[in-house]
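The values are calculated or read from the model by the stated rules, or taken from the named source; none is laboratory data. From a predicted model like this one, the values you see are computed outputs, not experimental measurements. Methodologically, a virtual Cβ is constructed for each residue, glycine included, from the backbone with ideal geometry; neighbour enumeration extends over all protein chains shown. Only protein heavy atoms, including side chains, enter the accessible area calculation; ligands, DNA and RNA are left aside. Shrake-Rupley method; radii C 1.70, N 1.55, O 1.52, S 1.80 Å.
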Amino acid sequence: MVNILSRLPAESALACRQVCRAWRNLFTFDDKYFRDMHLRQILVQQQQTCNTLSFIFLDVFNSVYYVDFDEKSLKKLTRINFPLPTETKILIGSCNGLVCFGIPAKAIIPLCVDPVYICNLVTKESLELPKFLTDEDIKVFKILSGFGYVPSSNEYKVVRIIEYHDGDELLLNCKLQVYTLGAGSGWREKGKSGYRLIMELRNVFVNGALHWLDWTGKIVPFGLVEEEFHLLPTPPCLPGSSTFVLQGKFQLQVLGESLCLFHQRGNRDADIWVLNKSTSYPKNEQLYESWSWYRRYTIPLNFTFEYKWLGGCDNYGFPFTLTKRGEVLIAAYSNENAVVATSYDPTTETF
């Protein structure tokens, strides 16, 4: 029965919940078996078409959208009728149909969010995690968060890093917390991060780890299996100093299945550096030393084009995925301020 129902589109599968109680029980929030089976069927269909990429978006009105991109035509953008809390402000991450959303947190640095909502876009159910509570003596400086999946244990984990002042405004404390969905243990304290991670630059999840850039120009992954921080080799474009942000624009991305670093060099060119490993990270940190980065793409920015790149003070942005044919998809603004995607073909060097 699960094998058959898992082959249906999400909307049709949801309609089957109303048939009988046994079918409804298949679509509960914590039923990993059906969700994983449904995901595997989607992946099989994508491998058969060999072209499809899928994306989830959250707009400024708290509406969730889903779109398939098959390189030949951009299918219709579908709005998912999912009632999000009005305080929801950011999409933190998504894995296998589960999406983590954040709400504004009371902090010294604006735009901080607390990752407290996990939503299942297939069953239209949501789970609210405990918010970070403070007393009058604690002033939150900033909150960083991430969401990822551990295939070996079939677990979904939310990571929350809180930097705060406890009475002494000159002393900055740190809390590192991990929440495992379905474990029943709540937020678990994991000590301190030991790194000054940059909140303004989003983290990415790849190779079983959440990755951040810190203020000294290092790439810092947090492995979800061992729940520890590591250090990766530094790409040549990162100078490794506290002033590296002023020397160019950097952004971590996942292109294909590889960790990438996007580096905008002034207003003329942008480089994409790729880590030459796509498997899970080794437990022995010394093995990282044999890993290396290589510059895979150089994208010209001074092109005559009807769109402006999305993000950044100069309206330049960064790529967000690779197509199956090796083209780079880039987010941009149209003249009507609508978000569009343009692609860059590195073989022909054309947009």
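Any idea how far apart ARG268 and ASN154 come out in nm if each label point goes 7 Å out from Cα toward Cβ?
5.5
Taking the Cα-to-Cβ direction at THR78 and at VAL60 and moving 7 Å from each Cα, how far apart do the two end points lie in nm?
2.7
Holding the Cα-Cα limit at 24 Å, pick out from LYS249/LYS324; LYS139/LYS218; LYS124/LYS190; LYS89/LYS190; LYS139/LYS249; LYS106/LYS175 the pairs that are longer than that.
Distance filter (> 24 Å) returns LYS249/LYS324; LYS139/LYS218; LYS124/LYS190; LYS89/LYS190; LYS139/LYS249.
Quick one: order PHE229, PHE205, PHE34 from most to least accessible surface, probe 1.4 Å.
PHE205, PHE229, PHE34
Can you order the peptides 96-109, 178-191 by their average number of other Cβ atoms within 10 Å per residue, highest first?
Per-residue Cβ counts within 10 Å, averaged per peptide and sorted highest first, yield 96-109, 178-191.
Karplus couplings for segment 190-204 from phi (6.51 cos²θ - 1.76 cosθ + 1.60, θ = phi - 60°), rounded to Hz, Gly and Pro as x?
Once θ is set to phi - 60°, the couplings for segment 190-204 become 10, x, 10, 6, x, 10, 8, 7, 8, 5, 5, 9, 5, 8, 10 Hz.
With r defined as the distance between the Cβ atoms of ASN3 and THR234 and R0 fixed at 51 Å, what FRET efficiency is calculated, to the nearest 0.05?
Step by step, r from the Cβ atoms, then E = 0.60.
State the extension gain, in nm to one decimal, for the chain segment bounded by GLU189 and LEU172, taking 0.36 nm per residue of separation less the distance between their alpha-carbons.
Residue separation times 0.36 nm, minus the Cα-Cα distance, leaves 4.4 nm.
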